[in-house]
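Trainee: There's a structure below that I have some questions on.
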Amino acid sequence: MDQRISMVTLGVSDLERARRFYEDGLGWKRGNAHEEVAFYQMGGMVLGLFGRDALARDANLPPETGTGFGGVALAYNVRGRDDVDAAMAEAKAAGATILKPAEVAFWGGYSGYFADPDGHLWEVAWNPFWTIADDGSVSMQRQE
């Protein structure tokens, strides 16, 4: 199997609300016109929004939702430290809940966390050891 992730799908409780957050709030462009799912091109991968119950049924799982931390965080890496603060402010203005304001991180970078309207966890981070290309791809310098 190739080492890659092609798509991340978030199960959302209200697809229209989620679309408004990502499209109107964050300014992202949807890559499809389907009524039951939304896809967003993310450089070399795709982010999908799908109704939470429908996603559970698609995976042959019960639709009941748990509470608390789901063990997953998505990350949006930026090119500079100031870009973290700008992205966090944009997310907050779009309706995100700031969970952890940006701060110097133990690993040498700068990061913070927000939750989208469905509670999906996003980290916004600047990593001084990574280079972000124009297409959004990431080059990681090896650390010893």
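The values are calculated or read from the model by the stated rules, or taken from the named source; none is laboratory data. No experiment lies behind these values; they were computed from the predicted model shown. Heads up, the Cβs are rebuilt from the backbone with ideal geometry, glycines too, and the neighbour counts pull from every protein chain shown. Areas reflect the complete protein model, heavy atoms only, side chains present, ligands, DNA and RNA absent. Shrake-Rupley method; radii C 1.70, N 1.55, O 1.52, S 1.80 Å.
Trainee: May I ask for the net charge around GLY25, where only other residues with Cβ less than 11 Å from the Cβ of GLY25 are counted and Lys, Arg are +1 while Asp, Glu are -1?
Mentor: With Lys, Arg at +1 and Asp, Glu at -1, the neighbours total 0.
Trainee: Counting only heavy atoms of the protein chains, get the accessible area per residue of the chain (1.4 Å probe) and round it to a whole Å² value.
Mentor: I get 65 Å² per residue for this part.
Trainee: To the nearest 10 degrees, how steeply does helix 81-94 sit against the main Cα axis of the chain, on a 0 to 90 scale?
Mentor: Approximately 20 degrees, to the nearest ten.
Trainee: Here's a follow-up. Can you pull out the GluC sites (Glu not before Pro) in the stretch 33-103 that DSSP calls coil and that have at most 10 other Cβ atoms within 10 Å?
Mentor: Of the GluC sites (Glu not before Pro), the ones in loops of the stretch 33-103 whose Cβ has at most 10 other Cβ atoms within 10 Å are GLU35, GLU36, GLU64.
Trainee: Using a 1.4 Å probe on the protein heavy atoms, what percent of the accessible area of the chain belongs to carbon and sulfur?
Mentor: 51
Trainee: Moving to a separate point now. Loop-only chymotrypsin sites (Phe, Trp or Tyr not before Pro) in the stretch 30-127, please: DSSP not H, G, I, E or B, and at most 13 other Cβ atoms within 10 Å.
Mentor: Those that pass, being in a loop and sparsely packed, are PHE69, PHE106, TRP107.
Trainee: If each of ALA133 and ARG4 carries a label point 7 Å out from its Cα toward its Cβ, how far apart are those two points in nm?
Mentor: Modelled inter-label distance: 1.2 nm.
Trainee: Can I ask one more? Provide, in order from the shortest bin, the percent of all Cα-Cα pairs of the stretch 1-90 in each 5 Å bin, continuing until the bin that contains the maximum pair distance.
Mentor: The percentages, shortest bin first, are 3, 11, 18, 22, 21, 15, 7, 3, 0.
Trainee: First check a/c for the stretch 12-54, with a ≥ b ≥ c the square roots of the eigenvalues of its C-alpha gyration tensor; if it is under 1.5, answer rounded, and if not, answer prolate when a/b is larger than b/c or oblate otherwise.
Mentor: It comes out oblate by the Cα gyration axes.
Trainee: Points 7 angstrom from Cα along the Cβ direction at GLU90 and PHE39: gap in nanometres?
Mentor: So the two model labels end up 2.3 nm from each other.
Trainee: Hey, if you put +1 on the Cβ of every Lys and Arg and -1 on every Asp and Glu Cβ in the chain, which of ALA94, ASN60, TYR76 ends up farthest toward the positive end of that dipole?
Mentor: Of ALA94, ASN60, TYR76, it is TYR76.
Trainee: Dipole of the chain, Cα-centred, from +1 at each Lys and Arg C-beta and -1 at each Asp and Glu C-beta, to the nearest 20 debye?
Mentor: For this selection, approximately 120 debye.
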